[in-house]
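K.L.:
My structure is below; once you've seen it, I'll send some questions.
The values are calculated or read from the model by the stated rules, or taken from the named source; none is laboratory data. The model shown is predicted, which means the values in this text are computed figures rather than measured ones. We place every Cβ from the backbone using ideal geometry, glycine too, and count neighbours over all the protein chains shown. Areas reflect the complete protein model, heavy atoms only, side chains present, ligands, DNA and RNA absent. Shrake-Rupley method; radii C 1.70, N 1.55, O 1.52, S 1.80 Å.
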Amino acid sequence: MKNTVLAILAVTACLRLYAQDTIVLRPVEVSASAVHAAETSMERKVDTTVVQRMSTAPLSQILIEQSPVFIKTYGPGGTATASFRGTTASHTLVLWNGFQLNAPTLGQVDFSTIPVFMTDELSLKWGSATSTQSGGLGGVVSIDNDVKFGKGLMLNLKQSVGSFSTIGSYVTTGYSWKHILFRIKAYRSSSENDFEYYNNALIPHQRMKQKNASFLDFGFMPEVKAMFGHSVLTAVSWNQWNDRNHPQIMANVANANTEEYTKSDFSRNFIAYKYFWNDGSISLKSGLFHESQDYHLNSFTISGQPVTTIVSDNEALMTHQIAELTQRIVNSWKVNVKIQWDMDRVTSDNYSDIKRRDIFSSYASVNGDLFGGLSFQATIRNDIVDGASSGFFPTATLNYRFRSLEGLSATAGYSHNYRLPSLNDLYWYPGGNESLKAEDGKTLDVSVRFEKKNDKMTINLNLGAYYSLVDDWIQWVPTVYRFWVPENVSEVRARGIEVHVKGFYNFRSVTFGISGNYIYSKTTNDDRQLIYIPLHHGNLSASAMWKRWSLNYTFEATGERKTSNNDDEFFAFKLNPYYLHHLNIGKEIGKFNVNIIIHNLTNEDYQAVLWRAMPGICFEAVIEFKL
C-alpha cells in the first residue's frame, strides 16, 4: 500500500510539472463533458428527483420500482440481489464512483444494505457500456456521489416512521464554497419487522407474526472536494454497520429454538485527483476497502442445550488503483485509456488459508461521428489475473440518428465480457472447485429510440432486444456427499425484449409525469428457464405536481418463477405472479416537506422467494427539513 501511495504522489507531482509547462490558450470550465450519442444508447440514468424522494429506502426498492432490473428479495431487512437481463446476481456489476462493490467471496452485492440516502446519482449500463470492467455479463449498476461547488450551507434532515416499529433518521450537512466543499451524511435505520402474514406452508393455513426479523443499520460518509487551477481533488469515506436477524422460513416457524443472525461492517475509502485541459482530462484514483461479516446459526433443545452451532467469520481487504486518460483527437473523435490494479485479500473460516487475487486491467476506447448521422464506438480490454492473461475482450457499437425523422435513432452493438469465479466458488470448504473456468459471455443488442421535446411536453420511448450466449456458466449442484459444489455447466442463452417509456406534460399549473419498464427475459439451459428468473416483469410510475402538492403512484408486476431445476422433484413448483401498488402523497410547507407513503396498497399476499414471508399493506411517514 505504501508503494502505491508513493506512486500516486509521484504521478501527481509530474502532472503539476506538466501543468506548469503548458500554456492554456482559453479558460477551462471544470464540468462533465458532453456524452456522445453512441455512449448513451446503452445507458440510463434514474431521475435525481426520484433518488431524492426515495432516499429513505434501500437501493433494492428504487431498482424494483424504477428500473428494468429484477430484484430477488427475501423481504424487508433480508437479502436482495439483482438479475439484470435474465442473468444471476453474480453477473450484475455494482460500481461506486468507479470502484467495484461486488464482494470477492460471493461475487455479488446485497442491495438491501445500500441506502439510497448515501448516493446522489444512480445509473444503469448494459451491452457495450459495461466494457470498462469485467464481470457485468448482465449489466452494471453505478452509484455516484456528486456535490456541486458554490452552493453555500447544506442542511437536510429527514425523519421517517413506519409500520412494524420502523424508524429512520437521516442528516446531511456541510458547506460548499466556490473552490472547496465539505459534506457529511449520517443515518440510522431500524425495525422490529414483525409484520403479519398468511402462512400457507403450514396445515392448516394460518395468519401469524414474523419473528426474529429485526434489523439495525447505521453509517456515515464524510466527503471533501477542492478545486485548484484546472484540478479537482476528492476524498470520500463510506462507513457502515449492519446487524440483522434472519427469520425462519414459513415451513419451519414451529422450530422456535433457533437463532440466526449476521453482523457486518465495512469502510470504503478513496482519494481521486483529476486534471482538465481544453480537450481532455487525466484522473488518478486510489481506494482502500475493508469489509467483515460474521454469520451465526445456533439451534437448541427445549431445555436450552446446544444442538447445532455454525459460525462463519469473513474478512476482506481490497485495494483499487485506477489511472484514466480522455482526449479529443480530431473533430468529434475521442479516445479513452484506462489502467487498473485490483487486489483482493480474504480471510475466512471456510477457506483453508488466506486467499489473494490480483487483477491488472488495461482498457482503451475510441468513439466519434462517421458520416450522415452515423456514430461509432469500439473498446478493447485485457485482464491479467494472478500473472496470467484472461484474453482480449472487444465491443463495438453503431448509433444512427435519422435526419428525416427528428428525435429517432437506432443502435446496434456487440460486446464480449467474462466473469471470474468468486473466491467462494474456488475455495469454499467443503465444495470449492479450484478447476473452474471463467464464464465467457457474448451479447448482441439492437434498440430504437424516439425522443421529442417542446415547451409543454417531453417524451422518450425506447424499444430494445438482446441475445446473450454465456459459455462455462457456473452453477452450484448437489452431490451424493450432501454438500453442493460449483461446476461449469453447458452454455446458457439469455434473450429478451425491453421497453422503456418516460414523459412529462405541463398542463396549466399541473405537471404530469410517467415512467415505465417492461422486460421479457428468457434465460435457458437445455431449453429450461433458470430458477427465479421471471419471463415477464415490469413497473410503471405516474406522478402529478400542483403548486406545493405531489402525488406519485407506482405499480410493479412480477411474473411466474420456477423454484427448482428438477421438474420431477416433489416440491418443485412455480411461485405465482404478483402485482403491487404503492402511493406517495407529499406537501411542501415552508422549508419542510411531508410525505405519506403506502406500500402494497391492495394488501397483496405473495412470496418473492419460496417460503419467505412478505408484508401486506404498510405505511411510512417522512418529514424533511431542507435549507
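K.L.:
Can you tell me how many residues in the stretch 403-427 are of a type outside the set (S, T, N, Q), modelled with pLDDT of 95 or more and not in a strand (DSSP E or B)?
P.N.:
Residues flagged as of a type outside the set (S, T, N, Q), modelled with pLDDT of 95 or more and not in a strand (DSSP E or B) within the stretch 403-427 amount to 6.
K.L.:
Here are some conditions: (1) out of contact with any Gly (no Cβ under 6 Å at 6 or more places or on another chain); (2) surrounded by 18 or more Cβ atoms within 10 Å (Cβ to Cβ). Residue 521 meets all but one. Which one does it not meet?
P.N.:
Unmet for residue 521, out of (1) out of contact with any Gly (no Cβ under 6 Å at 6 or more places or on another chain); (2) surrounded by 18 or more Cβ atoms within 10 Å (Cβ to Cβ): (1).
K.L.:
On the basis of being polar (S, T, N, Q) and closer than 22 Å to residue 119 by Cα, does residue 231 make the cut? Lay out the reasoning, then the answer.
P.N.:
Values: polar (S, T, N, Q): yes; closer than 22 Å to residue 119 by Cα: no.
In short, no.
K.L.:
Being open to solvent by less than 40 Å² (accessible area, probe 1.4 Å) and among the aliphatic types (A, V, I, L, M) is the filter; apply it to the stretch 584-606 and report the residue that is nearest to residue 624 (Cα to Cα).
P.N.:
This residue is 597.
K.L.:
Could you say whether any residue in the stretch 115-134 is at positive phi, among the small types (Gly, Ala, Ser) and at pLDDT 95 or above? Outline the logic, then answer.
P.N.:
Of all residues in the stretch 115-134, those at positive phi come to 127.
Next, only the ones that are among the small types (Gly, Ala, Ser) stay: 127.
Still in the list and also at pLDDT 95 or above: none.
No, the stretch 115-134 contains no residue that is at positive phi, among the small types (Gly, Ala, Ser) and at pLDDT 95 or above.
K.L.:
Still on this model: Go through the stretch 274-295 and give me each residue that's among the hydrophobic types (A, V, I, L, M, F, W, C), open to solvent by less than 30 Å² (accessible area, probe 1.4 Å) and closer than 24 Å to residue 264 by Cα.
P.N.:
Of everything in the stretch 274-295, just one residue is among the hydrophobic types (A, V, I, L, M, F, W, C), open to solvent by less than 30 Å² (accessible area, probe 1.4 Å) and closer than 24 Å to residue 264 by Cα, namely 289.
K.L.:
Given the conditions (1) farther than 22 Å from residue 610 by Cβ; (2) out of contact with any Pro (no Cβ under 7 Å at 6 or more places or on another chain), which single one is not true for residue 498?
P.N.:
Among (1) farther than 22 Å from residue 610 by Cβ; (2) out of contact with any Pro (no Cβ under 7 Å at 6 or more places or on another chain), residue 498 violates only (2).
K.L.:
Quick one: what pairs do we get from the stretch 173-194, first residue on the phi < 0 side of the Ramachandran plot, second of a type in the set (D, E, K, R), C-beta under 6 Å, 6+ apart or different chains?
P.N.:
Matching pairs, first to second residue: 176/151; 181/225; 183/223; 189/217; 194/209.
K.L.:
Regarding the stretch 477-490, can at least one residue be identified that is free of Cβ contacts under 8 Å to residues at least 60 places away in the same chain, within 26 Å of the chain's Cα centre (by Cα) and either part of a loop (DSSP other than H, G, I, E, B) or surrounded by fewer than 15 Cβ atoms within 10 Å (Cβ to Cβ) (or both)?
P.N.:
No, because not a single residue in the stretch 477-490 is free of Cβ contacts under 8 Å to residues at least 60 places away in the same chain, within 26 Å of the chain's Cα centre (by Cα) and either part of a loop (DSSP other than H, G, I, E, B) or surrounded by fewer than 15 Cβ atoms within 10 Å (Cβ to Cβ) (or both).
K.L.:
Would you be able to tell me the number of residues in the stretch 71-118 that are part of a strand (DSSP E or B), out of contact with any helix residue (DSSP H, G or I) (no Cβ under 8 Å at 6 or more places or on another chain) and open to solvent by 10 Å² or more (accessible area, probe 1.4 Å)?
P.N.:
2
K.L.:
Here is a follow-up. Which of the residues that make up the stretch 40-70 are touching a helix residue (DSSP H, G or I) at 6+ places or on another chain (Cβ under 7 Å), open to solvent by less than 40 Å² (accessible area, probe 1.4 Å) and within 17 Å of residue 108 (Cβ to Cβ)?
P.N.:
Initially, the stretch 40-70 is screened for residues touching a helix residue (DSSP H, G or I) at 6+ places or on another chain (Cβ under 7 Å), giving 42-43, 46, 50-51, 54-60, 62-63, 66, 69.
Filter again for open to solvent by less than 40 Å² (accessible area, probe 1.4 Å), leaving 42, 46, 50-51, 54-57, 59-60, 62-63, 66, 69.
Passing the criteria: 59, 60, 63, 69.
K.L.:
I'm trying to understand the selection: among the residues of the stretch 613-627, which are open to solvent by 40 Å² or more (accessible area, probe 1.4 Å), modelled with pLDDT of 95 or more and not in a strand (DSSP E or B)?
P.N.:
Matches in the stretch 613-627: 617 only.
K.L.:
Next question, about the same structure. Name the residues in the stretch 297-310 that are open to solvent by 60 Å² or more (accessible area, probe 1.4 Å) and among the aliphatic types (A, V, I, L, M), would you?
P.N.:
If the condition is that a residue be open to solvent by 60 Å² or more (accessible area, probe 1.4 Å) and among the aliphatic types (A, V, I, L, M), then 302, 307, 310 are the ones that fit.
K.L.:
Let me ask you something else. Report yes if residue 420 is open to solvent by 40 Å² or more (accessible area, probe 1.4 Å), of a type outside the set (S, T, N, Q) and in contact (Cβ under 8 Å) with a residue 12 or more places away in the chain, otherwise no. Spell out the reasoning first.
P.N.:
Numbers: open to solvent by 40 Å² or more (accessible area, probe 1.4 Å): no; of a type outside the set (S, T, N, Q): yes; in contact (Cβ under 8 Å) with a residue 12 or more places away in the chain: yes.
When the stated conditions are applied, residue 420 does not pass them.
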